[in-house]
Each structure stands twice: as C-alpha cells, then as structure tokens.
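Reading through the structure tokens given below for one structure.
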Amino acid sequence: MDQLDKTWAKIVMKCWNDESFKKRAIANPAEVLKEHGFTTPTPIHYKVVEEKNANETYGYLSLPMTPKASELDKALKMLEEEIRQTKGPGFCHIWSLIIAKSWQDPAFRKRTISNPEEVLKEHGFVSNSKARLKVIEEKAGEHFLHLTLPKKPASTELAEEELRQVGGWCYSCNGI
C-alpha cells in the first residue's frame, strides 16, 4: 500500500466517526491530506467521491478528456514522457497507455468507460481490490485525482488493509 493509500485509509476511518471532519475532508481533501502527513504534489487536485451504498464499492479512475485535434500531438508527447518515467508495468504506466489509446480511438475509449476491468486486464493489470471500477471522464479544465470515501460498514471495524480492499481506490496518474 503506498503512502497516499495509507493516509487516505486513516482519513476515511476518521470521517466515519466525525461528521464535521468528514465535511472538511470532502470540501478540502488536499488540506486534510497535508494535515495527516501526505504532501500533495502540484498540480494535482483532489476530489472526494462519497459512496452512498455500503454493499457496492467502487474504485474510480479519471480519464482525461481527449485534447482538441490541434493539441493532440503535444498532449501525446507529454503522455509519452510520463509513460517513459513510470517505467512499467505498474498501474500508472498501464493507465497512461490506456489514456493515450483512448484519445486516438473513440471505440476503445467507450469500451474503457464501460468495462475498465477488462481493458486493464488486456493491458496486464489485474486488481486485487474487491471494488468494482468506474471511469470518470474529466471535463474541460478538470484535472483531478478522485478519492473514494466508502460508506461506513454497519457491523465491523476494518484494519487499514481491509479498508483498502473494501474501500476501493482511485487514481489518475497524469497531470495532463
């Protein structure tokens, strides 16, 4: 589990027991992450997606909108540089490859949105999370990493690793 996951798991547990803290975490996740020792890299912005149903848990993936035709080559070059820096085969490397392909192939983009698990598996990534995946398409001017705030389970206290499995996860590994 990486540092963001560990920090977010602690924040989620605190949100479950403190409604005013939860409201603050939803309103300003970067500030709350910083208070808990996680330094937020710029220009990443965070958005909290609150789960309403404890029986269905999702992990959210941000899919940047396709750049305008006049900007596509520049955006692809930036993404290619990011892909080189991530040095596969980790999630960020694979997701960046999927983003690049989705920008060039509308049918692939549609399939990525409708069945992200299958597309990720085809690219060599299989999640061990119990969360189902949902893709959030970014709109113009948005560049967010979406964090999942799962609904508090009715009966049990969860350890951090269990929370990671039940609570899902969310990534957008690029700043494009």
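Structure notes:
- Only one entry of Lys74, Lys47, Lys52, Lys34 meets the criterion of being surrounded by 13 or more Cβ atoms within 10 Å (Cβ to Cβ), basic (Lys, Arg) and either without any contact (Cβ under 8 Å) to a residue 40 or more places away in the chain or not in a strand (DSSP E or B) (or both), and that entry is Lys34.
- Within the range 77-106, the set of residues being acidic (Asp, Glu) and in a helix (DSSP H, G or I) comprises Glu80, Glu81, Glu82.
- No other residue among Glu31, Glu56, Glu50 is among the acidic types (Asp, Glu), within 30 Å of Lys151 (Cβ to Cβ) and at pLDDT 90 or above apart from Glu31.
- Matching entry among Thr7, Thr86 (being at pLDDT 80 or above, closer than 26 Å to Leu120 by Cα and over 14 Å from the mean Cα position of the chain (by Cα)): Thr7
- Restricting attention to the range 15-28, the residues that are within 17 Å of Leu145 (Cα to Cα) and among the small types (Gly, Ala, Ser) total 2.
The values are calculated or read from the model by the stated rules, or taken from the named source; none is laboratory data. The structure displayed is predicted, hence computed values, not measured ones. Neighbour counts run over all protein chains shown; Cβ positions are idealised from the backbone, glycine included.
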